[in-house]
Amino acid sequence: MNAQTQSLTLTGPAGPIEAVLDLPEADLFEAPHGTAVIAHPHPQFGGTMTNKVVQTIARACVQCGWRAVRFNFRGVGASGGHYDEGRGEVDDMLAVVAQTAPADQPLLLAGFSFGGFIAARAIDTLHPQRAIAGAVLVGTAASRFVVPPVPAELHPQTLVVHGEQDDTVPLASVMDWARPQSLPVTVVPGGEHFFHGQLPLLKALVVRHVCV
């Protein structure tokens, strides 16, 4: 993404995990605010850490002073292992958090589509073992997986974004998930699953949420 991008090889439960670390500009921030770990879309449908929505979330986080870690789930790119229907992928994300996000610094978890489902599960696992400073769930795959609710105390720190015309994950499914929680959903008018032509708007929404 920029000169501050570093390639990482982490240790995962199914083998190595390929990842990249994007750092905020040193001349703009005395020190990073914390670490954002971002999960990508479904591995069996071309999802990787280079997905444009994932990169957009990372750019927004970096702009606001966060270290942003993107990674490939097991079986994707240079990451070892095989697709595990979401079970092992949660373990992958938790392994990335453990190795890249110091426990004494703020942690933000984010994901797009399948990655939103995985991020929600990671939040469910980590809370309340570890403080979570924020969450960004975009195009969350609520029609395809059982997404756990976001803990009520984390609602103010959670941004849920969905496209009005998403035909991969219908908006209605995300509303059905959010409604019992009274969890607000930001709807992008005319937006579809990959936010074609609307990535600048998506970035602006994330920036507004994660900048401190």
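The values are calculated or read from the model by the stated rules, or taken from the named source; none is laboratory data. Please read these numbers as outputs of a predicted model, since none were measured by experiment. Note that we place each Cβ from the backbone using ideal geometry, even for glycine, and neighbour counts take in every protein chain shown. These accessible areas exclude ligands, DNA and RNA; they are computed on the full protein's heavy atoms, side chains included. Shrake-Rupley method; radii C 1.70, N 1.55, O 1.52, S 1.80 Å.
Some observations on this one:
- The phi-based Karplus calculation (6.51 cos²θ - 1.76 cosθ + 1.60; θ = phi - 60°) puts the 3J(HN,Hα) values of region 164-179 at 4, 10, 5, 9, 8, 10, x, 3, 4, 5, 6, 5, 5, 6, 7, 4 Hz, whole numbers, x for Gly and Pro.
- By the helix-only formula, in which each DSSP H run with n ≥ 4 contributes -39500 (n - 2.57) and the sum is divided by residues, the chain has a 222 nm mean residue ellipticity of -8500 deg cm²/dmol.
- Region 1-74 - Rg over Rh from alpha carbon coordinates, Kirkwood radius: 0.99
- For the chain, with all protein chains in place and a probe radius of 1.4 Å, 53% of the accessible heavy-atom surface sits on carbon or sulfur.
- For the chain, the orientation-averaged shadow of the C-alpha convex hull comes to 10.6 nm² (one quarter of the hull surface).
- Formal net charge of residues neighbouring residue 101 (Cβ-Cβ distance under 15 Å; K, R +1; D, E -1): 0
- Sequence-ordered 3J(HN,Hα) estimates for region 185-202 from the Karplus curve with 6.51, -1.76 and 1.60 and θ = phi - 60° stand at 10, 8, 9, 8, x, x, x, 10, 4, 9, 6, 4, x, 10, 4, x, 5, 4 Hz, glycine and proline given as x.
- Relative to the Cα centre, the charge distribution of the chain, modelled as +1 at Lys and Arg Cβ and -1 at Asp and Glu Cβ, gives a dipole magnitude of about 80 debye.
- In this label model, residue 153 and residue 50 are separated by 4.1 nm, measuring between points 7 Å along each Cα→Cβ vector.
- Our coupling estimate for region 19-36, obtained by passing each phi through the Karplus curve with A = 6.51, B = -1.76, C = 1.60 and θ = phi - 60°, is 8, 9, 10, 9, 9, x, 4, 5, 7, 9, 10, 4, 8, x, 5, x, 10, 10 Hz, Gly and Pro reported as x.
- Residues with amide H under 5 Å from that of residue 5, placed H, sequence gap 5 or more: 23
- The chain: most fluctuating residue of 149, 41, 128 per GNM, C-alpha cutoff 10 Å: 128
- Amide H contacts under 5 Å for residue 163, placed H, 5+ residues apart: 139, 188
- Residue order for 175, 49 - accessible surface, 1.4 angstrom probe, largest first: 175, 49
- Per residue accessible area in Å² of the chain, where ligands, DNA and RNA are left out and the probe is 1.4 Å: 43 Å²
- Long-range HN-HN contacts of residue 36 with modeled amide H, under 5 Å: 67, 68, 69, 108
- Full-stretch length increase - residue 127, residue 27 - with 0.36 nm per residue and alpha-carbon distance subtracted: 32.6 nm
- The residues packed around residue 74, meaning those with a beta-carbon under 9 Å from its beta-carbon, carry a net charge of -4 if Lys and Arg are +1 and Asp and Glu are -1.
- For region 76-166, chymotrypsin sites (Phe, Trp or Tyr not before Pro) meeting the loop criterion (DSSP other than H, G, I, E, B) and having at most 16 other Cβ atoms within 10 Å: 83.
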